[in-house]
C-alpha cells in the first residue's frame, strides 16, 4: 500500500492490504483514538464523543454542531489545537541542490 515512517526515526515499513487492515482493527488503535478524542471533547463543552468498532476499522469522532457552526465559530478547530493535535501539518522537503532545471 505504501511506505510509512516508523516513529522515532527507526526507518520505514511497508504495509500490504492485509497488514493495514489488521492495524486498523487493532484494539490498541481503538484505545489510542478514544484517548485522543476524549482530550478534544474535554476542550469543547457540549460536544458528543462517538467511538465505533466494526469489522473493518475502529473510529472515534467528536460531534459538535454543524459544519456551518464550525465555519462561524471555529470552536472544534480550537479544541483540536488545545488537545495537542497537529491540524494541517505538512512536511516540506527542500529541493536538491544539483537538481536539473527544466529546459524551455
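Computed from the coordinates by the stated procedures, all read-outs in this text should not be read as laboratory data. Quick caveat, the model's predicted, so the values are computed rather than measured. Glycine gets a Cβ as well: all are built from the backbone with ideal geometry, and neighbour counts include every protein chain shown.
Summary table below
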{"read-out": "Projected label distance in nm at residue 71 and residue 28, using a 7 Å step from Cα toward the beta-carbon", "value": "4.1"}
{"read-out": "Cα centroid separation - segment 27-50 against segment 51-81, whole Å", "value": "9"}
